[in-house]
Amino acid sequence: MKKQYKLNSDLTAKTKTIENILNISGTKYAYSDSRSPIISFECLEKSKKKLLKSSLSLRTESIFLLATTDIFRFRNSIFLDQKATEEIDTPKLRNDIEDESRAGRPKSVVVPEKINAVRELIKQDRHVTYREIEASLDISMTSINKILHEHLSVKKICSRWIPHNLTNAQKKARVDWCKEMLEKYIQGTSKAVYNIYTGDESWIYAYEPETKQQSTVWVFQDEAKPTKVVRGRSTSKQMIACFFGINGHVATVALEQRRMVNSEWYTTICLPEVIGEIRKKQKNRRIILHHDNASSHTSTQTKAFLTERKIELMGHPPYSPDLAPNDFFLFPHIKNKLRGQRFSTLEEAVDAFKTHVLELPQSDWKKCFENWFKRMQKCIDHHGEYFEKQ
């Protein structure tokens, strides 16, 4: 016997629609005891074909297809019946069309458990990579990126290099010195600033390679990418000491035969030349000397020499190159200009250094001193910590 389908009594409207269409198409069908039409699948197909062949309107065909599709789609409202006259109890239709919960892979792995797991991996190893997280937790790169940036708000940055790991006492000493200088020289606006002269020593090399930034060049699309051989700086070097004030350069003194700076050279050769240049026009000119805490600067011999020449000391906090004008302005600025140049002799390198120093306009020296006092305030604001690149 052919398999037939019995309509649920709840679909009365659709039953009437199908009855009308079946009558129009001349399709035969039977009724059960409950007056629900019994329609075989073959009958429905035949009815569809008759409708397509006939000149019935598209609207009638659409109603027929819609009605029959709905009947066969809802499995709880139609069911298989072996006998046309046997009455069958049918279950109720579902009103909710949402999917029921079921076991399976979750839609997203960005869940609190995974977020906490990533947080722990980062705390255990600050250098952990995307691939290591992926291998450990078995989650995709996209999910890792979302967890890191949207949920944990972390970013990977390079460590900031600092000159020294300052102690609390050293931080306090930096703050105290800055406060004293700002008060003494009225935030850098005092006339006494014109009597301040600062100096320090540094190595000058016969050759020092350019930085990566300095090596950048413009290249057109049809040109090959430039290459450059890696070179190290030369071992040939010369120690020099450079002093300047707010009005400009005072003196640059070279230390011969690659010797290290000591108190004897500092008090017998270097300082006498510097003081002579400052007091060339005015013998009794007031001099306030600023230099760092190198051993040659703080030795008993040096202090005695400065006292004898009636030179005041400005002082300097320990481990504070960020508060020394030579370290944050002059040496970096001039040495960048010398990079990439190869000098045949050390004298030639020293002369090139002096030439670039003398070419600096007076406005640059004045701006350096203004920046110096601003740095003192920054040091105070950061409670003695190194403040550059923060």
Rounded accessible area of T307 (nearest 10 Å², 1.4 Å probe): 100 Å²
Tell me, what % of the accessible area of region 192-293 is carbon and sulfur with a 1.4 angstrom probe? 49 percent
Enter the Cα centre distance for the pair region 234-281 and region 362-388, rounded to the nearest angstrom. 24 Å
Assuming a ≥ b ≥ c are the square roots of the Cα gyration tensor eigenvalues, decide whether region 235-390 counts as rounded (a/c under 1.5), prolate (otherwise, with a/b larger than b/c) or oblate. rounded
Below 26 Å Cα-Cα, how many Lys pairs turn up in region 271-343? Only count pairs eight or more apart in sequence, or on different chains, if you could. 6
Quick one: grab the alpha carbon gyration tensor of region 219-289, order the square roots of its eigenvalues as a ≥ b ≥ c, and give me rounded if a/c is under 1.5, else prolate or oblate depending on whether a/b is larger than b/c. oblate
Between F387 and N293, what is the spin-label point distance in nm, taking each point 7 Å from the Cα along the Cα→C-beta axis? 1.9 nm
Where a ≥ b ≥ c are root eigenvalues of the Cα gyration tensor, a/c under 1.5 meaning rounded, otherwise prolate if a/b exceeds b/c and oblate otherwise, region 141-221 counts as oblate
Probe of 1.4 angstrom, ligands and nucleic acids ignored: what's the accessible area per residue over region 107-208, in square angstrom? 67 Å²
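Loop-only check: which trypsin sites (Lys or Arg not before Pro) in region 260-289 are DSSP coil with at most 12 other Cβ within 10 angstrom? Kindly include the intermediate steps, with their values, before the conclusion.
Details: sites: R279, K280, K281, K283, R285, R286; in loops: R279, K280, K281, K283, R285, R286.
Taking region 260-289 and a limit of 12 other Cβ atoms within 10 Å, the loop trypsin sites (Lys or Arg not before Pro) found are K280, K281, K283, R285.
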Tally Lys/Arg at +1 and Asp/Glu at -1 over every other residue whose Cβ is under 13 Å from the Cβ of P272; what's the total? -1
Given a 1.4 Å probe, how much area per residue of region 254-390 is accessible, in Å²? 56 Å²
Ignoring ligands and nucleic acids, I157 exposes an accessible area, probe 1.4 Å, in Å² to the nearest 10, of 130 Å²
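The values are calculated or read from the model by the stated rules, or taken from the named source; none is laboratory data. These numbers were taken from a predicted model, which means no experiment stands behind them. Here Cβ is always computed from backbone atoms with ideal geometry, including for glycine, and neighbour counts include all displayed protein chains. For accessibility, only protein heavy atoms count, side chains too; no ligands or nucleic acids. Shrake-Rupley method; radii C 1.70, N 1.55, O 1.52, S 1.80 Å.
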